[in-house]
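*Asks:* Questions regarding the structure given below will be posed in turn.
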Amino acid sequence: MKRLVFSLAWAFALALVLVSSSVHATVVEHTFNVEDISVKRLCRQQVITAVNGTLPGPTINAREGDTVVVHVFNKSPYNLTIHWHGILQILTPWSDGPEFVTQCPIPSGSSYTYKFKITGQEGTLWWHAHSSFLRATVYGALIIRPRRGHSYPFPKVYQEVPILLGEWWNANVVEVEHNATESQAIPMESHAYTINGLPSDLYRDLYNCSKDKTYHVKVKRGKTYMLRIINAALNAQHFFEIANHTMTVVAIDAAYTEHYKTKVLVLAPGQTVDILLRADQPVGSYYMAFLPYRSAPGVNLNANMTRGVIIYEGATSAEKPVMPDLPDPFDTPTAHRFYTNITGLAGGPHWVPVPRHVDEHMFVTFGLSYDVCRNMSGHCPGQKPLSANMNNESFVLPRGKGLSMLEALYRNVDGVYTRDFPDQPPFVFDYTNPNLTTLTDYAPKSTKVKTLKFNSTVEVVLQNTAIVAAENHPIHIHGFNFHVLAQGFGNYNATRDQPKFNFVNPQIRNTISVPVGGWSVIRFQANNPGIWLVHCHFENHLPWGLAMAFEVLNGPTPSSSLPAPPHDLPKC
């Protein structure tokens, strides 16, 4: 009888938990109309592709546990997809978004509905087109707050403000990409960086016709604000400072951190940082400035700064904002100090301890290389055309195969990709020596994946190379967060570098900026069946081939297996 009473009580308690969870979770539904609009920037009207007529596009506000449903109607002239950058997509891989990887593009004039549940994540993420340079104007914030009744692991703030750094071209960005692909050359540099869509500068007019379009944040002295900062630029890492203010980092890539006070942030494309800003300075105006971090002096890059303004309540319009003392654009020690000083909030909300047993060890070299001339004319004047690779394999999206990689996995169709991505580079050399330029000049084109058993633990050494140019590369892994165990310069050496591994409170990310001429070691658990792209988040590097993919096999139960594709999945 006692056992029966206990069982009934346990069942009742479980029912209460399930009811409570369903009450506190909801469905967040949006309609995205993707179409061409005309906007004025830098003294000229420019036609861009945007969502719901705005740049950036709409912010998605959700809570942990919610289900997000986004109906995308593609009214633009281009086929495209949308990626929800950093969302784990547990058992919803059909909604991840990279074209020809988890879906075929949404054709012009057609639609597709993305649906996913947010589980075990809080903080700032973002969404963007995953169809090459369309990411320049098709993007927006995705903010995840705690469940109702739960709180942040820091004091309540007065206001939250999303800050999205973007990149602007006085040109059709699809044509910019096409011209670069045709010539196999570096794409044309952008003409400006933007803050929340505005190439702004209030007083010095760094950008033409932008004096009256400066983005500003009004604050009250004594209040604390959360700035949710997103680097949505295509090809540039950035320093960020606010004059005379100290910032407190509380989260990166939607994972909480130990509180870290700093005067300067660094964000690579794809990364997010949540900071607390205490308005504790005299009433006045203060510039917040983004300055490109130029990790590779020889790589062409729009080197312009962009600025917004923090304006205290009571400040007069005649006051000129105070300018921050920004780092030198080539200040790698400052960038590395920021990237390596951050630690995870061990034991905090959604903290995941580091898995200690490793099933798969990989050593992946990556960087730029050269390619044979592939343009329509068959003639490549000047410098040899650029390519890129991982472990000397230059990734090619399977266009023209009739199926995405994920659908090929689900339907067990051969010929779309192969399962032989190497665990190691084909030969060992002095990876970070810039004088060794002939060892891997040409990498074969391929569409290769690394197959992983469900729930296996994977450790990857990401090793930068200097064959064409040594620079920081932001490597993004779809479908997983990972622990960053260590980072350093030079060639990774297990004997020297393994003792540096942080197993206690390493930072957790979805996009890692691997140091210029250096390495990073990451670890994750492959607990999400599907095909998951791994690529450099410099937009010009994915078409060049700096990518690979993980194929994660099904688990032992239906709840750990790849679900069937939705009925409206686009066809190739």
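*Asks:* Please work out how much length the chain gains when fully extended from HIS357 to ALA185, using 0.36 nm per residue of separation minus the C-alpha to C-alpha distance, in nm with one decimal.
*Replies:* Stretched out fully, the HIS357 to ALA185 stretch lengthens by 57.5 nm.
*Asks:* HN-Hα J couplings of the stretch 308-316 from phi, Karplus 6.51/-1.76/1.60, θ = phi - 60°, integer Hz, Gly and Pro as x?
*Replies:* Couplings: x, 9, 8, 10, 6, 4, x, 6, 8 Hz.
*Asks:* Using a basic spin-label model with each label point 7 Å from the Cα along Cα→Cβ, how many nm lie between ASN412 and GLU313?
*Replies:* Result for the modelled spin labels: 6.6 nm.
*Asks:* In vacuo Debye scattering of the chain, one point per C-alpha: log10 I(q)/I(0) at q = 0.07, 0.12 Å⁻¹?
*Replies:* -0.40, -1.25
*Asks:* Can you find, among SER446, ALA315, ILE106, the residue farthest towards the positive end of the dipole of the chain? Put +1 on the C-beta of Lys and Arg, -1 on that of Asp and Glu.
*Replies:* About the Cα centre, the residue reaching furthest to the positive side is ALA315.
*Asks:* Something else about it: For the pairs LYS40/LYS220; LYS117/LYS571; LYS117/LYS261; LYS261/LYS450; LYS156/LYS500; LYS448/LYS571, note any where the Cα-Cα span goes beyond 29 Å.
*Replies:* Checking Cα-Cα distances, LYS40/LYS220; LYS117/LYS261; LYS261/LYS450; LYS156/LYS500 exceed 29 Å.
*Asks:* To the nearest 0.05, what FRET efficiency results for THR246 and ASP36 with a Förster distance of 25 Å applied to their C-beta separation?
*Replies:* Result of the calculation: an efficiency of 0.05.
*Asks:* Just the accessible area per residue of the chain, please: how many Å² with a 1.4 Å probe?
*Replies:* Details: 22440 Å² over 572 residues.
For the chain, the solvent-accessible area averages 39 Å² per residue.
*Asks:* Which of the peptides 286-295, 449-458, 559-568 is most tightly packed, and how do the rest follow, going by the mean number of other Cβ atoms within 10 Å of each residue? Walk me through the intermediate numbers first.
*Replies:* Numbers: 286-295: 23.7, 449-458: 18.8, 559-568: 12.6.
Final packing ranking: 286-295, 449-458, 559-568.
*Asks:* Can you list residues whose amide H is under 5 Å from ARG294's amide H, if they're 5+ apart or on another chain and H is modeled 1.01 Å from N?
*Replies:* Counting only residues 5 or more places away or on other chains, the set is PHE330, ASP331.
*Asks:* How many nm separate the modelled label positions at GLN45 and ASN433, each set 7 Å beyond the Cα in the direction of the Cβ?
*Replies:* Placing both labels 7 Å beyond Cα along the Cβ direction yields 5.9 nm.
*Asks:* Treating the beta-carbon of each Lys and Arg as +1 and of each Asp and Glu as -1, no other charges, what is the dipole magnitude of the chain about its Cα centre, to the nearest 20 debye?
*Replies:* Numbers: 45 positive and 43 negative charges, 283 e Å.
Here the chain has a charge dipole of around 1360 debye.
*Asks:* Also, I was wondering about something else. Whole-Hz Karplus ³J(HN,Hα) for the stretch 74-79, in order, using 6.51 cos²θ - 1.76 cosθ + 1.60 and θ = phi - 60°, x for Gly and Pro?
*Replies:* 8, 9, 7, x, 10, 6
*Asks:* Provide the per-residue ³J(HN,Hα) series for the stretch 287-294, in order, calculated from phi with Karplus coefficients 6.51, -1.76, 1.60 and θ = phi - 60°, each as a whole number of Hz, with x at glycine and proline positions.
*Replies:* Result, ordered by residue: 6, 10, 10, 9, 10, x, 8, 9 Hz.
*Asks:* Can you list the residues, at least 5 places off or on another chain, whose amide H is less than 5 Å from the amide H of HIS30, using H built in the peptide plane?
*Replies:* VAL69, VAL70, HIS71
*Asks:* So which helices of the chain fit the span-like rule, where a helix is a whole DSSP H run, its Cα atoms reach 27 Å or more along the axis, and its mean Kyte-Doolittle is at least 0.0? Mind dumping the intermediate values first?
*Replies:* Working: long enough: 2-24 (33 Å, 1.43).
Qualifying helices, which must be both long enough and hydrophobic enough, are 2-24.
*Asks:* I would also like to ask the following. Rounded to the nearest percent, how much of the accessible area of the stretch 74-220 (1.4 Å probe, protein heavy atoms only) is carbon and sulfur?
*Replies:* About 50 percent, which is the carbon plus sulfur part of the accessible surface.
*Asks:* What is the gain in length, in nm to one decimal, between GLN498 and THR340 on full extension, counting 0.36 nm per residue of separation less the C-alpha to C-alpha distance?
*Replies:* Between GLN498 and THR340, full extension yields 55.3 nm more.
*Asks:* Among 481-490, 309-318, 218-227, 116-125, how do they line up by average Cβ neighbours within 10 Å per residue, starting with the highest?
*Replies:* In descending order of packing, they fall as 116-125, 481-490, 218-227, 309-318.
*Asks:* For the ranges 271-280, 55-64, 29-38, 94-103, what's the packing order if you count other beta-carbon atoms within 10 Å of each residue, average per peptide, and put the highest first?
*Replies:* 94-103, 271-280, 55-64, 29-38
*Asks:* Let me ask something else about it. Amide H of ILE106: which non-local residues (sequence gap of 5 or more, or other chain) have their own amide H closer than 5 Å, using H built in the peptide plane?
*Replies:* LEU80, THR81
*Asks:* Next up: Of the DSSP beta bridges with both residues in the chain, give the percent that are antiparallel, rounding to the nearest 5.
*Replies:* Numbers: 100 of 140 bridges.
Approximately 70 percent, going by the DSSP bridge assignments.
*Asks:* Now for a separate question. Within the stretch 127-159, which residues have the backbone N less than 16 Å from the label spot 7 Å out from THR54 along Cα→beta-carbon, could you tell me?
*Replies:* Counting backbone N atoms under 16 Å from the label point, the list is 127-128, 137-144.
*Asks:* For the chain, what's the relative contact order in percent, using C-alpha pairs closer than 8 Å and at least 6 residues apart?
*Replies:* Once divided by the residue count of the chain, the mean separation gives 14 percent.
*Asks:* On to the next question. What would the Debye equation give as log₁₀ I(q)/I(0) for the stretch 501-572 at q = 0.15, 0.17, 0.21, 0.28 Å⁻¹, counting only Cα atoms as equal point scatterers?
*Replies:* -0.79, -0.95, -1.14, -1.29
*Asks:* Rounded to the nearest 5, what % of DSSP beta bridges with both residues in the stretch 223-381 are antiparallel?
*Replies:* 95 percent
*Asks:* Still on this model: Stretched out fully, how many nm does the piece from VAL283 to LYS384 gain, at 0.36 nm a residue minus the Cα gap? Don't skip to the answer; put the middle values down first.
*Replies:* Working: separation 101, 0.36 × 101 = 36.36 nm, distance 5.53 nm.
Fully extending the segment from VAL283 to LYS384 adds 30.8 nm.
*Asks:* Among PHE73, GLN46, PRO93, flag the residue with its Cα farthest along the positive direction of the charge dipole of the stretch 31-99, charges on Cβ as +1 for Lys/Arg and -1 for Asp/Glu.
*Replies:* Going by the charge dipole, the pick is GLN46.
The values are calculated or read from the model by the stated rules, or taken from the named source; none is laboratory data. Keep in mind that what you see is a predicted model, and the values were worked out from it rather than measured. Cβ sites come from the backbone with ideal geometry, for glycine too, and all protein chains shown count toward neighbours. Note: areas computed on protein heavy atoms with side chains; ligands, DNA, RNA excluded. Shrake-Rupley method; radii C 1.70, N 1.55, O 1.52, S 1.80 Å.
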